[in-house]
1. Yes or no: the range 133-153 includes at least one residue that is surrounded by fewer than 21 Cβ atoms within 10 Å (Cβ to Cβ), touching a residue at least 60 places away in the same chain (Cβ under 8 Å) and touching a strand residue (DSSP E or B) at 6+ places or on another chain (Cβ under 9 Å).
2. Among (1) surrounded by 21 or more Cβ atoms within 10 Å (Cβ to Cβ); (2) free of Cβ contacts under 8 Å to residues at least 40 places away in the same chain; (3) within 16 Å of the ligand (Cβ to nearest atom), there is one condition residue 209 misses while meeting the rest; what is its number?
3. Only one residue in 353, 307 is in contact with a helix residue (DSSP H, G or I) (Cβ under 7 Å, 6 or more places away or on another chain) and either part of a helix (DSSP H, G or I) or modelled with pLDDT under 95 (or both). Which one?
4. Can you tell me which condition residue 94 does not meet? The list is (1) at pLDDT 95 or above; (2) more than 16 Å from the ligand (Cβ to nearest atom), and all the others hold.
5. Going residue by residue through the range 417-433, is there one that turns out to be under 22 Å from residue 32 (Cα atoms), in a helix (DSSP H, G or I), away from the ligand (no atom under 16 Å from the Cβ) and in contact (Cβ under 8 Å) with a residue 60 or more places away in the chain?
6. Against the condition surrounded by 24 or more Cβ atoms within 10 Å (Cβ to Cβ), modelled with pLDDT of 95 or more and either touching a strand residue (DSSP E or B) at 6+ places or on another chain (Cβ under 6 Å) or not in a helix (DSSP H, G or I) (or both), how does residue 348 come out, does it pass?
7. Among the residues of the range 260-304, what is the count of those that are farther than 19 Å from residue 37 by Cα, in a loop (DSSP other than H, G, I, E, B) and away from the ligand (no atom under 12 Å from the Cβ)?
8. Which of the residues that make up the range 310-336 are in a loop (DSSP other than H, G, I, E, B), in contact with a helix residue (DSSP H, G or I) (Cβ under 6 Å, 6 or more places away or on another chain) and without any contact (Cβ under 8 Å) to a residue 24 or more places away in the chain?
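The values are calculated or read from the model by the stated rules, or taken from the named source; none is laboratory data. Note that the coordinates shown come from a computational prediction; the quantities given were computed from them, not determined experimentally. No Cβ is skipped: glycine too gets one built from the backbone with ideal geometry, and neighbour counts run over all protein chains shown.
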Ligand SMILES: *Cc1c(COP(=O)(O)O)cnc(C)c1O
């Protein structure tokens with residue numbers, strides 16, 4: 001017992017030293033709980049996910065009207081699940097030395113309608129939830145059975161023009177909230193951190209969104225946006241550091257994945273484990289999706305986060321137990337990374353603690369390797385993903401060949417089931433990246 005606890009302390013020390021030195025690490029979460037217990041102690045439940053899904057259904061006719069690109073999914077926002085067997089073969093055969101067994105799939109949130117990233121799930125959901133509340137309060141909608149396409153009428157737009165939406169963002173959340181906010185007629189203000197790309201700001205301005213630019217990092221931009229929004233009673237702040245609504249919007253993804261798995265004849269049960277790899281910034285998107293998946297698949301799904309070695313805010317918070325009370329800058333890391341969507345120094349105010357009982361583990365990745373994966377994916381599959389999304393490709397690679405994961409597979413009785421496993425790389429963004437930027441990224445030396 002004593003020796004065990006000593007060795008786990010030692011392990012933690014070594015891990016923290018590696019994290020501080022920006023060395024790539026693999027971490028298996030010792031605080032993960034039995035799934036039934038984790039579900040029981042959770043304040044949010046499956047019924048919250050169901051009601052978020054129902055809300056998206058109510059808005060679907062309106063979304064179809066405002067965004068004709070959503071027509072082929074009847075106004076719902078979702079992405080394809082595709083098999084990437086050429087990528088699997090290349091990873092296994094290259095000097096990366098991966099040993100991926102089972103099927104390798106990719107969830108193409110990079111190609112989500114409206115915003116081209118996973119933020120189209122959470123960000124749009126929260127805007128719609130707020131819109132529904134305002135519309136019902138002001139008699140624009142008479143209850144939930146009303147015709148939501150009324151919200152595109154000029155009277156509705158006149159009303160929303162008196163209302164403000166604000167959000168702090170490294171880029172993609174701003175795109176999602178800004179585009180849908182502007183389409184509904186809101187005065188929309190996006191507070192962008194230093195790493196936000198110029199083309200994202202321009203795209204937003206072209207839609208009439210006000211873009212505020214800051215030299216500071218993401219947490220700073222959120223702080224400024226929150227403070228400004230608080231001064232105005234007609235302003236609503238989408239708070240990426242604290243929002244349960246964003247979280248539930250992301251969680252709906254898990255529910256929508258079920259029929260897609262069935263369609264691919266993918267079984268998820270004790271004999272057929274599912275592994276899901278999610279890039280993590282502040283934690284909302286990967287946290288929400290993990291939460292949803294664990295509600296549905298329980299012990300049979302294994303969720304892992306991937307963070308840049310210079311911005312592992314979620315891992316740092318979990319390993320130290322300090323959650324959002326510690327930042328990567330506190331341990332001397334820069335927070336700077338080519339994965340701009342993951343350039344977050346301090347994790348969400350609630351997600352670390354909330355998701356810890358559900359999470360299987362975390363991996364960190366260097367920028368250099370992100371580019372290697374980006375090129376490989378492009379060569380093998382002709383798929384372009386932005387750097388943040390490419391980080392997730394590190395997941396299945398680590399799963400197959402690291403000492404920490406050897407132990408995880410052994411402890412969870414997985415070794416003899418790996419041939420029947422399915423791995424999902426959650427591809428979180430990329431389709432809106434302009435052609436010129438894309439070329440530069442792919443050919444970067
Ligand atoms: C925002 C983002 C993430 C991570 O989401 P968080 O909620 O910040 O953890 C991952 N990939 C991309 C492309 C993103 O834009």
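1. Scanning the range 133-153 turns up no residue that is surrounded by fewer than 21 Cβ atoms within 10 Å (Cβ to Cβ), touching a residue at least 60 places away in the same chain (Cβ under 8 Å) and touching a strand residue (DSSP E or B) at 6+ places or on another chain (Cβ under 9 Å).
2. Every listed condition holds for residue 209 apart from (3).
3. Result: 353 is the single residue among 353, 307 that is in contact with a helix residue (DSSP H, G or I) (Cβ under 7 Å, 6 or more places away or on another chain) and either part of a helix (DSSP H, G or I) or modelled with pLDDT under 95 (or both).
4. Of the numbered conditions (1) at pLDDT 95 or above; (2) more than 16 Å from the ligand (Cβ to nearest atom), the odd one out for residue 94 is (1).
5. The answer is yes, given that some residue of the range 417-433 is under 22 Å from residue 32 (Cα atoms), in a helix (DSSP H, G or I), away from the ligand (no atom under 16 Å from the Cβ) and in contact (Cβ under 8 Å) with a residue 60 or more places away in the chain.
6. Considered against the rule, which asks whether it is surrounded by 24 or more Cβ atoms within 10 Å (Cβ to Cβ), modelled with pLDDT of 95 or more and either touching a strand residue (DSSP E or B) at 6+ places or on another chain (Cβ under 6 Å) or not in a helix (DSSP H, G or I) (or both), residue 348 comes out as yes.
7. 7
8. Once the filter is applied, which keeps residues that are in a loop (DSSP other than H, G, I, E, B), in contact with a helix residue (DSSP H, G or I) (Cβ under 6 Å, 6 or more places away or on another chain) and without any contact (Cβ under 8 Å) to a residue 24 or more places away in the chain, the range 310-336 yields only 326.
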